[in-house]
Amino acid sequence: MGRCWVRCRLWVLRAKLDECFLESCSWGSGPPRRIWLLPPTRQVLQLFKTLHRTRQQVFKNDTRALKAARRKINEEFKNNKSETSPKKIEELIKIGSDVELVLRTCVIQGIHTDHDTLKLVPRKDLLLDNMPFCDAPTQKP
């Protein structure tokens with residue numbers, strides 16, 4: 001009886017894991033590869049965590065912005081908590097991923113030093129090498 005239960009349990013776990021895999025053809029020669037697909041609930045949870053980590057990095061040392069971003073992220077996820085349509089869920093995941101990308105790449109902190117002066121505090125991952133400026137660009141043929 002114990003062995004049967006273990007076999008059945010293993011079969012159920014394997015079936016659940018197989019749902020998360022997708023067979024795909026490999027380019028060129030070789031056997032087909034298995035690609036890991038996250039179920040929508042795991043994608044949503046992963047996006048939620050990623051947004052909060054990005055929020056902590058982007059608004060570091062700014063408690064007011066940290067709280068406001070936390071409140072907004074949690075509010076948006078709670079508002080769409082009961083969504084069941086796979087298309088709508090995928091669309092919301094795409095929007096959330098885009099928001100995370102914008103936060104990570106476009107937001108720079110600023111500190112007021114005087115009433116009309118703002119000191120920018122860019123993160124190291126935003127700093128890029130300087131590109132030389134050309135006053136007279138050449139046209140490509």
Running Debye on segment 58-141 with equal point scatterers at the Cα sites and no solvent, what base-10 log of I(q)/I(0) appears at q = 0.12 Å⁻¹? -0.63
Residue by residue through segment 51-60, what is 3J(HN,Hα) from phi via Karplus (6.51 cos²θ - 1.76 cosθ + 1.60, θ = phi - 60°)? Round to whole Hz and write x for glycine and proline. 4, 5, 5, 5, 4, 5, 6, 5, 9, 4
Using θ = phi - 60° and Karplus 6.51 cos²θ - 1.76 cosθ + 1.60, couplings along segment 86-98 (whole Hz; Gly, Pro as x): x, 5, 5, 5, 4, 5, 5, 5, 5, 4, x, 5, 5
With a probe of 1.4 Å, find how much accessible area segment 42-124 has per residue, and write the answer as a whole number in Å². 79 Å²
Set Lys78/Lys124; Lys49/Lys72; Lys49/Lys124; Lys81/Lys124; Lys60/Lys119; Lys67/Lys88, cut-off 24 Å on Cα-Cα distance; pairs above it are Lys78/Lys124; Lys81/Lys124; Lys67/Lys88
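The values are calculated or read from the model by the stated rules, or taken from the named source; none is laboratory data. Note that the coordinates shown come from a computational prediction; the quantities given were computed from them, not determined experimentally. Calculation scope for accessible area: heavy atoms of the full protein, side chains included, ligands and nucleic acids excluded. Shrake-Rupley method; radii C 1.70, N 1.55, O 1.52, S 1.80 Å.
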